[in-house]
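The values are calculated or read from the model by the stated rules, or taken from the named source; none is laboratory data. As the structure is a computational prediction, the values presented were derived from the model and not from experiment. Backbone-built Cβ (ideal geometry, glycine too); neighbour counts: all protein chains shown.
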Amino acid sequence: MRVGGGTMGSMAAAAGGREAVIEIDRLSLTYETNDGPVHALSDIDLSIGRGEFVSLIGPSGCGKTTLLRVIADLEQPTGGAIAVNGVSPRAAREARSYGYVFQAAALYPWRTIARNVALPLEIMGVPKAERERRVADNLALVNLAGFERKYPWQLSGGMQQRASIARALAVEPDLLLMDEPFGALDEIVRDHLNEQLLKLWAKTQKTVVFVTHSIPEAVFLSTRIVVMSPRPGRVTDIVDCSALPRERTLDVRETPEFLAIAHRVRQGLRAGHSYED
Amino acid sequence: MSASLAAPPVRRPRGREGAFVPVLAVVLALVAVWYAGAYVLNRPQVMDAFARQKVEPDFESLVAATWSMERPVLPAPHQVAAELWKTTVEQRITSKRSLVFHGWITLSSTLVGFAIGTALGILLAVAVVHVKSLEKSLMPWIVASQTIPILAIAPMVVVVLNAVNITGLLPKAVISTYLSFFPVTVGMVKGLRSPEILHLDLMRTFSASAWQTFWKLRLPGSVPFLFTSMKVGVAASLVGAIVAELPTGAVSGLGARLLSGSYYGQTVQIWAALVAASLLAAALVTIVGAIDRLVVRRMGMAR
């Protein structure tokens, strides 16, 4: 059994023959604080191909969320180069080429579920009929048909997060950026949403970049796992998950292939930790 | 459940059934204190009157006399109530003796001033929130404006406006505006800044313009703050209208009623006007509160 690419050198090539959606070259981000500079990201090299599902995993402070925010043009890097869809993150954001799902659903309490999903479309100036079609389609996609006229507080946490995924999908982006979207949910709901997300990804063929700190979640969902470690925030390992079938059910978590990948990810996380213990 | 994580805190309607008994108890206590106060404050004058008639009053007649004087230092509650009844129900509302007539005069300038003050407050808040330099340059002046004693500035405003032929309701409304724009400005600045970073980041991922962010996020998010400050503002507007009537020799309005009452030592009339003013203020605050609840429910934010 073969798991993953291995050394830092082979990482850039790990996207395989696919066309790269995200290309990151020696990227770094340093904050100036009163206690001196903080290296949130240091020398990141990463290439993500079209249709991949890539998870960023690591302990808090490793910069996984910061990296996602740089891709989304919510943070500005201080060094290196990054291209999203072949252009700068800013141009990609302005072209609305990604959908972003936050850790919390971030639904506006004064809008119904349908109008929350329609929010980005209103901002983009999508005509009303098209807006209604996309809202209905995407709510159906996340199994929320029939909840159009409910307000966010009338839905459970899992349903709210599904609504926020529908909102990101309504933009019809090829790229989905997800920042620990299920982190605040309980285990059972999380398993269920993971399965749904995987089906959705298979159905829509989107590229997904997914931030998590759960090893089983990362292994279950991903085609590749980027292991990161803190101080400075950097990539320590990239694990390939092609040993697992592309179509997965929750049972896959019991297979030796799954456990082997999870083991390697755990070792990568440990290696990142060792120097500070 | 993590619903609290997703949605910003939303006010729930408070249970109002349980408030009745405590409120009634406080009102009864206040009325009792009032009666006691009327006895203590009016007693010297009543004692003088009895002394002139060379009568030694017993306690009962002393109490009865302190609570039924024509020009008491402090009229008893039932005297004020009787005066209120006489000047509202028993007068035609167009009569100069009707408190409804005077109340309407004051109310109309209160409402005009409040409307202008609210609009001005919102405009200033929008400017302060969106133009960085205005926060430094404008905000101190807005705060300083409220440190000027309103009694000093009211006659000058009225006189200056009279000089340019603006008379009647508008000069009084200007004072109401002056007092009511401030709480609205402060509340709206806070309200327009209330959206969480997360909600603002979301707008950024949509590449929303500043105008879209304002219209679809900041403004709806500020609505609860707006109504809270409008409740303060409407009460301040009424104070402003009354104060504007006091030093300017107005002949109608609740302020004029207070003034003429004090000229002629008609304490019962003064107190009746005071009670009318506070009832009016309570009614105005209640109405704003009701509109608040209605709007919040229409927006879907009430649970």
Selection status of B:Ala154, surrounded by fewer than 16 Cβ atoms within 10 Å (Cβ to Cβ), out of contact with any Phe, Trp or Tyr (no Cβ under 7 Å at 6 or more places or on another chain), part of a helix (DSSP H, G or I) and small (Gly, Ala, Ser): no
Test: residue in segment A:113-122 that is touching a residue at least 40 places away in the same chain (Cβ under 8 Å), farther than 30 Å from B:Gly221 by Cα and touching a Pro at 6+ places or on another chain (Cβ under 9 Å): no
Residue list for segment A:96-117, restricted to those being more than 9 Å from every other protein chain (Cβ to nearest Cβ) and either part of a loop (DSSP other than H, G, I, E, B) or crowded, with 22+ Cβ neighbours inside 10 Å (or both): A:Ser97, A:Val101, A:Ile113, A:Asn116, A:Val117
Among (1) surrounded by fewer than 22 Cβ atoms within 10 Å (Cβ to Cβ); (2) of a type outside the set (Lys, Arg); (3) more than 20 Å from the chain's Cα centre (by Cα) - the single one B:Phe225 does not satisfy: (3)
Residue match in segment B:182-195 (condition: over 23 Å from B:Trp141 (Cα atoms) and out of contact with any Phe, Trp or Tyr (no Cβ under 7 Å at 6 or more places or on another chain)): yes
Criterion: at pLDDT below 85 and assigned by TED's automatic domain parsing to the domain that holds A:Ser229 - qualifying residue of A:Gly17, A:Gly63: A:Gly17
Among residues of segment A:140-168, those that are away from chain B (no Cβ under 11 Å), buried (at least 22 other Cβ atoms within 10 Å of the Cβ) and part of a helix (DSSP H, G or I), counted: 3
All helices (runs of 4 or more DSSP H) inside segment B:199-303 with 2 or more residues being farther than 30 Å from A:Thr112 by Cα: B:219-245, B:254-263, B:267-298
Residue in segment A:74-88 that is surrounded by 15 or more Cβ atoms within 10 Å (Cβ to Cβ), among the charged types (D, E, K, R) and either away from chain B (no Cβ under 11 Å) or in contact with a Leu (Cβ under 8 Å, 6 or more places away or on another chain) (or both) present: yes
Filter pass, A:Val208 being more than 23 Å from A:Asn138 (Cβ to Cβ), hydrophobic (A, V, I, L, M, F, W, C) and either at pLDDT 90 or above or touching a helix residue (DSSP H, G or I) at 6+ places or on another chain (Cβ under 6 Å) (or both): no
Which listed residue, of A:Pro245, A:Pro173, A:Pro216, A:Pro181, is surrounded by 15 or more Cβ atoms within 10 Å (Cβ to Cβ) and free of Cβ contacts under 8 Å to residues at least 60 places away in the same chain: A:Pro216
